[in-house]
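Any read-out appearing in this document is the output of simple, stated calculations on the displayed coordinates, not a laboratory observation. Just so we're clear, the structure is a prediction, and the values are computed from it rather than from any experiment. For neighbour counting, all protein chains shown are included, and Cβ atoms are generated from backbone atoms with ideal geometry for every residue, glycine included.
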Amino acid sequence: VILVVDDHDRVRERVVETLVDLDYEVRQARDGREALQSVRLEPPDLVLTDLQMPVVDGIVLCRELKTDPVLRLIPVVVMTSEPSPENELAAISAGADGFFAKPANQRTFAARIQVLVRERALNQRLDPAENVLFATARAVAARNPFALAHSERVGQYARALGAACGLSSDECELLYTAGTLHDIGKIGVPDAVLLKAGPLDAVELEAMREHPVLGAWICSSLQSVQPALPIIRHHHERFDGLGYPDGLRGTDIPFLARMAAVADGWDAMVTPRPYRGERPTTEALAELVHGSGTQWDPALIEAFRDLVERGEIARLVGLSFSTPQK
Ligand SMILES: [Fe+2]
Ligand SMILES: [Fe+2]
């Protein structure tokens with residue numbers, strides 16, 4: 001399904017005819033605003049838009065779509081009768097997947113549209129793969145009632161910390177994904193270790209400490225999760241170099257992994273455990289500050305403490321944690 005956006009009826013109809021001849025199902029819109037409504041109502045597989053249009057032009061339309069976390073995978077092609085380097089640059093900067101001059105050569109046009117639609121189909125198959133991983137992460141959490149929703153909370157805390165540190169929305173979303181998956185490797189940790197109510201002995205500790213490497217390995221076969229791998233692998237590194245699995249120190253630890261470590265540490269401190277009950281926020285904050293520069297990046301501890309003190313972290317708790325429906 002292709003959405004054709006053009007304010008000139010004759011031009012639009014000519015493009016529609018070509019696409020119908022190529023066996024595509026076609027929808028139409030007369031400007032960017034109409035197009036946005038149409039896409040939000042029912043996402044097409046490709047948007048083919050004119051550049052200059054009244055109300056909302058092709059560049060704004062493209063940018064709107066490409067900054068939407070759900071709609072950004074839809075390919076957008078910008079077409080114009082005035083192809084200039086400036087126009088092309090504007091389209092590319094807005095995230096366009098293609099820039100054609102009108103009228104386009106029919107055969108090239110057909111081939112390029114076909115490539116983009118096929119890519120879209122592949123992208124749509126990637127998403128469920130990510131969902132399978134999320135389901136696995138939940139399976140890990142469900143094995144341990146005390147860890148239930150831990151991963152999701154870590155994802156949310158890490159994302160909030162990323163936003164507070166001025167990261168881009170892509171990086172914030174990556175932090176959420178990685179946070180949700182960070183302990184997925186615990187699926188390989190034996191129950192006797194994972195569920196033990198009390199301190200672990202040396203052998204058990206070693207088994208537990210395999211989970212970051214195992215987690216990164218489990219996720220490594222999935223293209224869509226590649227950027228999360230360093231965060232999963234390094235979420236137990238310590239700022240002083242005494243963490244695992246690689247004993248990385250200070251800024252050698254990937255920045256986003258340092259953020260996830262703070263989020264993970266905070267959740268571990270405030271969540272009730274079998275061997276200790278709930279803990280007051282002030283006590284947890286003191287422990288967090290105590291670990292600044294040894295366990296965690298001092299700059300991040302400051303930012304996180306600020307979030308806790310402003311109530312931002314407490315506001316997240318209980319928002320969208322998925323607990324099994326009884
Ligand atoms: Fe972990
Ligand atoms: Fe964790």
| Once you charge only the Cβ atoms, +1 for Lys and Arg and -1 for Asp and Glu, what is the size of the charge dipole of the chain about its Cα centre, to the nearest 20 debye? | 660 debye
| said: Net charge around Thr251, counting only other residues with Cβ within less than 9 Å of its Cβ (Lys, Arg = +1; Asp, Glu = -1)? | reply: 0
| note | Output ordering of 227-240, 7-20, 47-60 (per-residue mean of other Cβ within 10 Å, highest first) is 227-240, 47-60, 7-20
| request: Stick to Cα atoms and the Kirkwood definition of Rh, then tell me Rg/Rh for the stretch 1-151. | output: 1.12
| request: Give the Debye-formula value of log10 I(q)/I(0) at each listed q (0.16, 0.18, 0.31 Å⁻¹), with one equal scatterer per alpha carbon of the stretch 239-293, two decimals each. | output: -0.56, -0.68, -1.22
| Rg over Rh [alpha-carbon atoms, Kirkwood Rh] for the stretch 183-296 | 0.97
| Quotient of Cα Rg and 2.2 N^0.38 Å for the chain, N being how many residues it contains | 1.23
